[in-house]
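Q: Before I ask anything, let me first share the structure, which is written out below as structure tokens.
Read-outs throughout are calculated quantities, based only on the coordinates presented, and are distinct from any laboratory measurement. Please read these numbers as outputs of a predicted model, since none were measured by experiment. Here the Cβ positions follow ideal geometry from the backbone for every residue, glycine too, while neighbour counts run over all protein chains shown.
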Amino acid sequence: MDKIWVTGGSGQLGRSIKDAVGENADFVFTDSKTVNLTDHAAVRAFVCQHNIKSIINCAAYTAVDDAEDVPESAFAVNHLAVKNLAELSKEFGLKLIHMSTDYVFDGEGNVPYKSSDRTNPINVYGNSKREGEKAIVEIAPPNTIIIRTAWVYSKYGKNFVNTMLRLAENNTQLKVVNDQFGAPTSARSIAKVVLEILPQLHNSKPEIFHYTNAGICTWFDFSKEIFKIKGLDIAVIPVSSEQFVTKAKRPKYSVLCNSKISNAFGVVSPEWQQELKDYLS
């Protein structure tokens, strides 16, 4: 039986895809403990043993600040592993959906970024993700797309929604950055889009698309909406990025334009507030 391989199966998106497909035997989920994606021979063996015909690559090194200290770890997963998957996709004629990030941009813009806009990452994580994208474009496997997304949350792992709800347990007042702009996006909505698109892949060369939930907000706005929906009386104080010094720089503006993916695949992006409400309810 032909199989669909979901890498990064223990992460936010991988687990959200698993939730969406349930016990569907067509899907195989792995994480770094089961397959070392940086080992070309191991990846090849897995593809052959499991009769893989499609790959959804959700695997990524996403510790943005840690990447500044261990760039080799970020580049191993975000570049070398992606290169391996692209090479084998081309060799075996596999479909490939690779997930990427808004952090390939510098955030100096003030209108939503199109997939054709110039990339200029400002941290190691963003650089490593861009190199992964470049590897796919250069190797050029057909039936392949890159989907950049941003501000992802789910019930799994570390993300902004989970962090805010955890902090609200022991605080009545929180300071949140109010000068970084993006679009909160649920992992379950990304999973839905990925699964809708996969059967439609018939492109001759790799293409890049953007997908987030619709709308624009700051982290401050996002936190206020979380607490409003949950009925929590938390005083949220807006602060500048300068008051939250992090090892890695973050883009100030990383809103992504969804029009290309909408036109190509009929994807509808829910408003971020409604998606958040549906998720938290």
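Q: Please count how many residues of the stretch 154-213 are free of Cβ contacts under 8 Å to residues at least 24 places away in the same chain, within 21 Å of the chain's Cα centre (by Cα) and within 30 Å of residue 242 (Cβ to Cβ).
A: Qualifying residue count for the region: 3.
Q: Turning to a different aspect of this structure: Inspect the stretch 217-227 for any residue being crowded, with 16+ Cβ neighbours inside 10 Å, in a helix (DSSP H, G or I) and in contact with a Pro (Cβ under 7 Å, 6 or more places away or on another chain) and give the result as yes or no.
A: Yes: the stretch 217-227 contains one or more residues that are crowded, with 16+ Cβ neighbours inside 10 Å, in a helix (DSSP H, G or I) and in contact with a Pro (Cβ under 7 Å, 6 or more places away or on another chain).
Q: I would also like to ask the following. Among 32, 100, which is touching a residue at least 24 places away in the same chain (Cβ under 8 Å), among the polar types (S, T, N, Q), closer than 24 Å to residue 190 by Cα and in a loop (DSSP other than H, G, I, E, B)?
A: 32
Q: Separate question: Which count do you get for residues in the stretch 224-240 that are of a type outside the set (Phe, Trp, Tyr) and in contact (Cβ under 8 Å) with a residue 60 or more places away in the chain?
A: Looking only at that region, the number is 11.
Q: Also: Pairs please, first residue from the stretch 66-86 and in contact (Cβ under 8 Å) with a residue 40 or more places away in the chain, second anywhere and crowded, with 16+ Cβ neighbours inside 10 Å and among the basic types (Lys, Arg), Cβ atoms under 6 Å, 6+ apart in sequence or on different chains.
A: Qualifying pairs under 6 Å: 78/129.
Q: Looking at the stretch 103-125, which of its residues are in a helix (DSSP H, G or I) and either touching a residue at least 60 places away in the same chain (Cβ under 8 Å) or of a type in the set (S, T, N, Q) (or both)?
A: Within the stretch 103-125, 103, 124, 125 meet the criteria.
Q: Can you tell me which residue within the stretch 243-272, out of those that are free of Cβ contacts under 8 Å to residues at least 12 places away in the same chain and hydrophobic (A, V, I, L, M, F, W, C), is nearest to residue 152 (Cα to Cα)?
A: For the stretch 243-272, the residue satisfying everything is 268.
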